[in-house]
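To start, the structure itself, in structure tokens.
Just so it is clear, none of the values below were taken in a lab; they were calculated from the coordinates. Quick caveat, the model's predicted, so the values are computed rather than measured. Note that we place each Cβ from the backbone using ideal geometry, even for glycine, and neighbour counts take in every protein chain shown.
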Amino acid sequence: MKTIPAIRLLWLLWFFTVALFIADWLFPLGTTLTRSIGLALLFTAWFGLIALTWRQRFCRFGLPGFTALCAIFMLLPARAHRDTSALRDGSVAGLRRYTGASYYWGGESPKGIDCSGLVRRGLIDAAFLQGIRTLDSGLVRYSIRLWWHDCSARDLGEGNGLTYRLFETPGINVLDHSKILPGDLAVTTNGVHVMAYLGGNQWIEADPTAGHVITVTAPSVDNGWFKTPMYIVRWDILQP
């Protein structure tokens with residue numbers, strides 16, 4: 001009986017690890033467990049690739065060198081001044097990318113997402129991309145912290161070190177939109193739902209009733225959330 005060469009078996013195990021990582025990344029529910037598993041699989045796949053390609057001169061120096069550069073970058077101090085307007089625009093663009101995604105309680109991926117997961121992902125994606133683009137390690141670290149530490153709609157409404165309250169309104173339908181900025185959040189005063197402002201009187205939300213992520217223009221007579229008392233809050237990092 002023919003046996004599988006050891007190197008081929010190791011490559012098969014590596015591809016299996018990558019497949020598990022992709023499955024974990026696509027799995028809608030985000031918990032400390034799924035995040036921990038994802039990180040473990042990512043590091044296993046990366047350092048496994050280094051080990052498997054060690055005999056190739058370019059990989060032997062290139063992959064560890066890239067790893068070292070990433071580690072050094074993450075240890076650099078954050079930029080003293082950053083473009084808050086660009087970050088806000090990036091957050092809005094990030095939110096729009098999830099339009100139509102299915103509602104999934106506890107979810108935070110394109111395959112399924114809930115209300116707090118949606119508003120977090122918009123900022124997580126924007127902070128990470130802008131951090132890489134502008135070489136601002138502080139933004140990358142912020143995006144990782146926001147991704148790792150989950151928070152509910154209630155947490156966002158109460159201000160947990162990430163957000164702060166601007167004011168309270170009887171409902172989005174009667175809100176003076178000139179007082180808010182794109183990227184601001186509206187959290188029900190009972191802490192059960194949150195939505196994000198896109199600008200132009202338009203809001204985006206992962207609506208459990210609709211079953212997916214929708215955009216709604218205020219005023220709305222059909223959407224019950226728009227008639228609900230809300231706290232208007234702003235991400236601390238998006239202060240003008």
### Query
For volume of the Cα convex hull per residue in Å³, the listed values are (i) 111; (ii) 163; (iii) 136; which was obtained by calculation from the structure presented?
(iii)
### Residue with peak Gaussian network fluctuation, the chain [Cα springs, cutoff 10 Å], from Gly183, Gly122, Gly211
Gly211
### Query
Stokes-Einstein D for the range 6-75 at 37 °C, 0.692 mPa s, Kirkwood Rh over Cα pairs, in µm²/s?
245
## Note on the structure
Contour minus Cα-Cα span, Asp150 to Ser85, at 0.36 nm per residue, comes to 20.9 nm
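How big, on average over all directions, is the shadow cast by the Cα convex hull of the range 1-132, in nm²? Spell out each step's value before the answer.
Details: hull surface 46.1 nm².
Mean projected area for the range 1-132: 11.5 nm², to one decimal.
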### Query
For the range 105-167 and the range 12-63, what is the separation of their C-alpha centers, rounded to whole Å?
24
### Query
Which ordering of Met230, Met195 is given by a fewest-first count of other beta-carbon atoms within 10 Å?
Met230, Met195
#### Entry: Relative contact order of the chain, pairs being alpha-carbon contacts under 8 Å that are 6 or more residues apart, as %
19
### Query
Using modelled backbone amide H atoms (1.01 Å from N, in-plane), which distant-in-sequence or interchain residues come within less than 5 Å of His212's amide H?
Tyr103, Asp207
### Query
Spin-label point model (7 Å from Cα, Cβ direction): what's the Ala19 to Arg35 distance in nm?
2.8
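About the Cα centre, and with charges only on the beta carbon of Lys, Arg (+1) and Asp, Glu (-1), how big is the dipole of the chain? Nearest 20 debye, please.
1180
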### Task
Along Cα→Cβ, 7 Å out, is where each label goes; now give me the distance between the ones at Gln56 and Lys111 in nm to one decimal.
2.8
#### Entry: Among Leu39, Ala6, Ala196 - extreme Cα towards positive end, dipole of the chain, charges at beta-carbon
Ala6
### Query
Can you give the helix-only mean residue ellipticity at 222 nm for the chain, where every DSSP H stretch with n ≥ 4 adds -39500 (n - 2.57) and the sum goes over all residues, rounded to the nearest 500 deg cm²/dmol?
-15500 deg cm²/dmol
### Message
Taking amide H atoms as placed 1.01 Å from N in the peptide plane, list the residues 5 or more away in sequence, or in a different chain, whose amide H sits under 5 Å from that of Thr163.
### Response
Asp236
## Note on the structure
Taking Cα atoms only, helix 137-148 is inclined relative to the longest principal axis of the chain by an angle, in degrees rounded to 10, of 80
### Query
In sequence order, what are the phi-derived ³J(HN,Hα) couplings for the range 52-67 according to the Karplus relation 6.51 cos²θ - 1.76 cosθ + 1.60 with θ = phi - 60°, rounded to whole Hz, with x for glycine and proline?
6, 10, 4, 6, 8, 4, 4, 5, 4, 9, x, 5, x, x, 5, 4
#### Entry: Spin-label pair Ala78/Thr215, simplified geometry with 7 Å Cα→Cβ offset, distance in nm
2.9
### Task
May I ask for the longest run of the chain untouched by chymotrypsin sites (Phe, Trp or Tyr not before Pro) that are loop-located per DSSP and have at most 14 neighbouring C-beta atoms (other than their own) within 10 Å?
106-240
### Cβ-based charge dipole, the chain, positive-most Cα from Pro208, Pro182, Ser137
Ser137
